[in-house]
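One structure below.
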Amino acid sequence: MNLLRLRALVIATGILSATAGLSGCTQDGHDLPSLETTLTPTPSANLEAIAKTYYDCMTDAGISVDLEPNGSGQLAVVHFTKYSFAMWRESEDFEMAAYTSDQDPAAVQKAEHDFFSKPYTGPALMIDGIDHSEEYAKCLSKSGYTEQAAQGPPVQRDPVLMQQQMASNNKWAACARENGWPDVKDSVMPDEDDPIWSPVVYLPVTITEDQLRQLLEACPNFDPDNASLKQQWDKDNPTATSYPDNWEPDPSITFDITSVEDQSDADHLTRLNDILSEQMNEYNEQHGG
């Protein structure tokens with residue numbers, strides 16, 4: 001299992017959802033927590049040609065990558081493969097890390113801190129302890145590739161799904177209020193230009209790990225039976241544009257990060273997000289999600 005962390009945008013928006021339909025697996029079978037963000041399209045560029053140039057350059061440099069389609073079906077997204085722990089900074093505002101579940105969490109946190117806390121001086125890439133920054137920067141410059149642009153325009157909001165998400169969120173928020181967190185508010189529908197793509201429920205980042213586990217025991221944020229229903233529906237109805245009867249998305253929960261000020265706060269937020277996604281990740285490991 002791989003966890004993918006979009007560091008800069010996680011700290012900026014606090015989004016790490018475990019909602020059905022917003023999480024999934026890569027072609028390598030790696031589980032990815034879903035990170036919702038507004039992507040910056042490049043309408044005038046041929047994204048597929050740019051991606052192919054970048055892919056060829058990285059492959060020639062001996063870096064293992066693969067091509068996959070974006071949300072619009074364009075073969076425009078290039079992702080790293082055959083790694084245990086990778087960290088990269090495409091730009092000052094776009095930083096990512098991905099690692100397999102057999103990595104030591106403490107070692108991962110230290111490596112991430114050492115890598116990302118350095119002042120940005122240009123694109124940087126570290127894969128399994130080997131610095132590929134020079135080749136990475138060269139290929140980005142040669143191709144004009146950016147991960148955000150490669151994703152294409154943002155997927156349009158499905159109004160039915162958004163209303164279902166609101167209902168699921170607010171049912172969970174009511175449960176949280178009944179179980180010791182009276183200040184948890186119902187979610188609201190984001191505006192069209194809101195960088196938060198989907199309705200969310202905010203928890204205070206001051207919640208402890210034990211408190212969060214207790215709250216999730218009283219108010220689960222993931223329903224395996226619900227996930228199985230959706231997974232089977234997707235298999236039986238590969239072209240469907242609707243959702244199965246008696247299905248609703250899991251609540252989308254994140255944290256109010258206005259009080260995040262330093263690395264210790266950020267590390268605490270990472271651990272809280274990991275707790276939120278634990279049950280979903282375990283389910284995906286068992287069921288090949």
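Please treat every number below as a calculation from the coordinates, not as lab data. Worth saying up front: this structure is predicted, and the values here are computed from it rather than measured. Counting neighbours? That spans all protein chains shown, and the Cβs are built from the backbone with ideal geometry, glycine included.
For the reader, a short list of remarks on this structure follows.
- Prolate is the label for the stretch 39-150, because a/c, from the alpha-carbon gyration tensor with a ≥ b ≥ c as root eigenvalues, is 1.5 or above and a/b exceeds b/c.
- Label separation (SER84 vs ASP236): 4.3 nm, computed from points 7 Å beyond Cα along the C-beta direction.
- Spin-label pair ASP60/SER133, simplified geometry with 7 Å Cα→Cβ offset, distance in nm: 2.3
- Charged-residue dipole, Cβ positions (Lys, Arg, Asp, Glu), the stretch 159-287 about Cα centre, Debye nearest 20: 360
- Full extension of the chain segment joining GLU278 with SER72 gains 71.2 nm, where the gain is 0.36 nm per residue of separation less the Cα-Cα distance.
- Ascending count of other beta-carbon atoms within 10 Å, so fewest first, for LYS230, LYS235: LYS235, LYS230
- Legend: calculated FRET efficiency, ASP158 to LYS118, from the Cβ-Cβ distance at R0 = 41 Å, rounded to 0.05, equals 0.50.
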